[in-house]
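Structure, as C-alpha cells:
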Amino acid sequence: MKQVPKPYYTEKEVVSAIKDKQKKYETSSLSNKEENALLKEIESLKKVLPEIKKVTGIDEELTKLKEEIKIISKELDAVSK
C-alpha cells in the first residue's frame, strides 16, 4: 500500500482531508511553494483513496468472519457438552 500522508486511515478521514485542503487552496492566500505542497498533498490523498476503500471493505469482511467463527465455536462447545 502506498504511503498515506499524515494520519489518515479511514475513507471518511481521507475524504474530509481532501475537502479541507481543497477549500484551503481555493480560499487562502498562499505562496507558490505552499500552493504546490498543498496540491501534492491533495493528489497523494486522492491516489490512496481507492486503496483505503479496498482495505475498509476487507476489514468489514474480516469482522464478519470473526463473528461467524465465534458463533460456530459456541455451537461446537454446546454440541460437545
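The values are calculated or read from the model by the stated rules, or taken from the named source; none is laboratory data. Not measured: the values here are computed from a predicted model. Cβ sites come from the backbone with ideal geometry, for glycine too, and all protein chains shown count toward neighbours.
Observations, loosely collected:
- When each of LEU76, LEU39 is tested for being closer than 26 Å to PRO7 by Cβ and not basic (Lys, Arg), the lone residue that passes is LEU39.
- Here SER29 meets each of (1) surrounded by fewer than 12 Cβ atoms within 10 Å (Cβ to Cβ); (2) in a helix (DSSP H, G or I) with one exception, condition (2).
- Taking residues in the range 11-38 that are in contact (Cβ under 8 Å) with a residue 40 or more places away in the chain, and partners anywhere that are of a type in the set (D, E, K, R), the pairs with Cβ atoms closer than 7 Å and at least 6 places apart or on different chains are GLU11/LYS53.
- Listed by first and then second residue, the pairs with beta-carbon distance under 6 Å, at least 6 apart or on different chains, first residue in the range 53-81 and under 25 Å from TYR9 (Cβ atoms), second assigned to a helix (DSSP H, G or I), are LYS53/GLU11; THR56/GLU11.
- Checked against the criteria, GLN3 counts as polar (S, T, N, Q) and modelled with pLDDT under 90.
- Among the residues listed as THR63, THR56, THR27, the single one being β-branched (Val, Ile, Thr) and touching an Asp or Glu at 6+ places or on another chain (Cβ under 8 Å): THR56
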